[in-house]
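Q: Structure in structure tokens, see below.
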Amino acid sequence: MPLAAELEEFGLEVEEEEHHSLVADSEVGIGHVSAPSRRHALSLTTPSKEQRSLLQSSNNFSNTTRLLRPGILKWATLVLALAIVVFVHLGQERDETEYVELTLPDVEICQDDPEFTLMVRSEKNCATFVSHVGKQPLLEARCNQPIGIPDEDDFQKLLKHFCRRSCGLCGSEDALLEEGAMSEAEIEKEVEEVAEEIEEMEKEMMEEVEKVIEKDLAKEEEEKKEQLARNREEDDDDDDDDDDDGEGVALEDEEASEDDDEEGEDEEVSNDDEEEETDQSTASKNKQPSAASKEVGAVKVNDSNSKNLYKPTKTNNASANNNGGDFGTFTLRRLQETRKATQTLIQQLEQYYNGKPQATRMMFDSWLKPWKFQNSNSRSSRDRNDKLIDTIARALVTEDQEEFIIGTIGSSVAAGHDNCHYDSYENQLERTFGPVWNAAGMKLVTQNAGEGGGCGDDYRNQAYCIAQNVSPNVDIAHYTWTYFEEGDRVEKYKIRESLVRWTQRMERQPPVHVLNVLWAPTGNDLRVEQELADHYAKYGYNAFYMRTGHTLGGYDYEADKKNGIDHYAAGFQGDGYHNVTRYGLKEENSNRRDSLGVVMRNWHPGPLGFEFVSDTFSYVYSKAMIEALDLIEAQMATGKDPRQTWSSSQRTISPKESLPEPKHCDPAYCVVDKVPGCLNFEKPTFGLQGAEVEDAEGSLNPHKGEVQDWKVWYENIDIWHMVGKQDKAIFQKRDDKEICRHLDQCGGLSATSSEDGTVVFRLPEMEVGLVVICGCCGKDVARTMFLQNEFLEISYNGIVLDKSKWDIFPNAKCVRLQEKFPTELAGQAYLHSYLSVKALDGLKAPVRISHVITL
């Protein structure tokens, strides 16, 4: 059956009773159509005003380019007669098939619909979105893309039906009339061709109708089967409902208190919707911790502190959301919902920071290498953009990925110390950027592995633990150890470069983004850091500077300082742009509201400082999300399955030689095919351990039958550990005080005397043969606890190691027991190995092993 637009092309008019209209405002994106309550068949009417005007022009004008040649009216009448015959026949078959075509807007023949608009980053029409496209493939892709809302038969109207002239749908009749040079023979030939085309279109459309009917029947049958399966699953789960409900209580209560505290935030920035609330009802059935605790013998070696996070599923309502084309669970409709949520967040953040220009300066230009997603002339900038966009696109289209994970390793800044944990930037990021991922049918998860300096750790040893401190399948890795880097510029570049290279050995090859709460460097430091960023642009490396972002907003901090006002003084409220966080606006407790306006507690940011950090990451990632969605939609428009391009299974696994030559790090440790292994007894950890504590009775244990009674020890702390005095006073008597508890806690595997005997670690497969152990607690415990401890004996595969060959590495709480595989094992680098640590008679002080690092 011909489309209404195709009939108009031949001079036939469509009823004007009920037309579609696209709504294009700040809240609505592509495909939000105001659907009519019922639909009418196409029918013939009296000549339109355009047709009458054309006929009258022969009497009113002498211009030969618009006069009808002799015989033209006769042939035009013949065309109309043929069309009437065809449509009478179509009307009969329409009754038989019960298929009704949607009416299209009544627009002038061979013209773009002047009222048609759509949202693609901003409001566009046919002229701005289509007519100036120079590349034919892109033009065809845009013209052939569905507008997004199907009718009851899944029949899609395309963009070209509204942008007829821009998309080249106009026939040759205008040009022929203007030339006024068609002979009667040519006209007769044209009429015959038109008649044949109409007949062919009728045949093709009838075939399409049959396919739609068959598809609908199959779809209905499949939905019935799925509903029956869901009903059976619900019946099977009835006995477990009480347990599931119990698991969700703590999270629901916490979220209830969050709703009370951050109602203002929900109104201004969050895009929570009914889909998220529906998905949360199944939280207890879907949640899976990122890393489970594991018992080995009598020792609990991986006590994960990951939160019980709600995990939505991409398959929720998948069949209802699939708008043509089998593209998996990330359907066109879900893509459009995700774009709408993302655009809403971008607009709200730009409004919050006084418009797009200021928001761009503050949140794009404050990075080591400023972000520019449009019209970038820099190759390194395009590479950096592509890495972030690719990371997001893969997460969206990968069928079995239901979480987008941002994992942070870092100091007390990352941990959020001197604040409630709820106010850390990671938690604020989860609440701000999370609704975008909810719209995509996923869950944003932030893993906060930040820790204070009391355990003695710093960037030098914790970078080796990237795959245990956070999940090995993180999508983006954050690094916030910058305070500890001061004074050791050479070492910091070694570690940062190593970290960037090691993350590319992880499952999802995450980009590394550095958070620095001070200002951007200058001079030689700036040059070296920029060189490193350009060297690893292809892998997404970049760094953000909080105070530089504040300054770029235009506020005159220097003038305030001259007047005795220091916005970065401890406890100062207001950053020059806002005096309290968004969620603090609705806080009823005035003391809590004041606390939420603090920029810096001391050297640690306060809630308002962390809000800007969270907003910056949200803004950058949302802009990259829009780019990813555009790429995915372009492939959908051509009928290509985006999973063939971006699914995780399609990610290229590159050998170590594919990375550029290192500039700072030791090639022996950073040019490798494996990420380092780590067994970390400190909290929190979200990933997988490297070494394991061997079962005392294990058949391969080289010390089987000997005493093996080392125990896990943890620092004794309470809920108020590293919570600031101001918040402690506020929350002591509140029911929601648990939101203040921080995750980090010092710990280790401990022996206090020779009676504890030996502990045996089964080491993972190693590539280099590096073996390091670290002690707890303190920044320089390695010398007394290990190097100079005569009452400690350490063996590797049953051979006692020579202490004279040990050294302090990579920091003063750790010793390197083995730099690489022994020469005699050089040809057997992947043998299963054991490390044994034995407490001897005379041990005077506890030995506590916090880490076992291998490579």
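Q: If you consider only alpha-carbon coordinates, what radius of gyration and Dmax does segment 360-443 have, in Å?
A: So, for segment 360-443, Rg and Dmax equal 15.5, 43 Å respectively.
Q: Over the Cα atoms of segment 748-855, Rg to Rh with Kirkwood Rh, two decimal places?
A: 0.95
Q: May I ask you to compute the full-extension gain from residue 531 to residue 807, defined as 0.36 nm times their residue separation minus their alpha-carbon distance, rounded to one decimal in nm?
A: Result for the pair: 96.2 nm of gain on full extension.
Q: Applying the Karplus parametrisation 6.51 cos²θ - 1.76 cosθ + 1.60 with θ = phi - 60° to the phi angles of segment 501-513, what ³J(HN,Hα) value in whole Hz is obtained for each residue in order, glycine and proline being reported as x?
A: 6, 5, 4, 6, 8, 7, 4, 9, 6, x, x, 9, 10
Q: Further question on the same structure: Can you give me the solvent accessible area of residue 762 with a 1.4 Å probe, rounded to the nearest 10 Å²?
A: Surface open to solvent at residue 762 totals about 70 Å².
Q: How large is ³J(HN,Hα), in whole Hz, for each residue of segment 835-849 in order, when computed from phi with the Karplus curve 6.51 cos²θ - 1.76 cosθ + 1.60 and θ = phi - 60°, using x for Gly and Pro?
A: In residue order, the calculated couplings are 10, 10, 10, 10, 7, 9, 4, x, 4, 9, 10, x, 10, 10, 9 Hz.
Q: Another question, then. Between residue 602 and residue 697, what FRET efficiency follows from the Cβ-Cβ distance if R0 is 35 Å, with the result rounded to 0.05?
A: Efficiency for this residue pair is about 0.10.
Q: What spacing in nm lies between the two simple spin-label points modelled at residue 790 and residue 725, each 7 Å away from Cα in the Cβ direction?
A: 4.7 nm
Q: Which order, highest average first, do 392-403, 133-144 follow once you tally other Cβ atoms within 10 Å for each residue and take the mean per peptide?
A: The peptides rank, most packed first, as 392-403, 133-144.
Q: Name the long-range amide H neighbours of residue 641: under 5 Å, sequence gap of 5 or more, or other chain; modelled H, no Pro or chain starts.
A: Result for residue 641 returns nothing.
Q: Now for a separate question. Considering only protein heavy atoms, what is the solvent-accessible area of residue 494 at a probe of 1.4 Å, reported in Å² to the nearest 10?
A: 80 Å²
Q: Expressed in whole Å with the largest first, what are the equivalent ellipsoid semi-axes of segment 616-751 derived from the C-alpha gyration tensor as the square root of 5 times each eigenvalue?
A: The answer is 41, 32, 17 Å, longest axis first.
Q: Tell me, what is the 1.4 Å probe accessible area of residue 360, in Å² to the nearest 10?
A: 40 Å²
Q: Using only the alpha-carbon atoms of segment 524-649, report the extent along each of the three principal axes, biggest first, to the nearest angstrom.
A: 61, 46, 25
Q: Amide H to amide H, which residues 5 or more places from residue 677 or on other chains are under 5 Å from it, using H placed in the peptide plane?
A: So residue 677 has HN proximity to 854, 855.
Q: Using the Karplus equation 6.51 cos²θ - 1.76 cosθ + 1.60 (θ = phi - 60°), what ³J(HN,Hα) coupling, rounded to whole Hz, does each residue of segment 606-618 give in order, writing x for Gly and Pro?
A: Once rounded to whole Hz, the list reads x, x, 6, x, 5, 4, 5, 4, 4, 5, 5, 4, 4.
The values are calculated or read from the model by the stated rules, or taken from the named source; none is laboratory data. Not measured: the values here are computed from a predicted model. Every residue, glycine among them, receives a Cβ derived from its backbone with ideal geometry; neighbour counts consider all protein chains shown. The accessibility values were calculated without ligands, DNA or RNA, using every heavy atom of the protein model including side chains. Shrake-Rupley method; radii C 1.70, N 1.55, O 1.52, S 1.80 Å.
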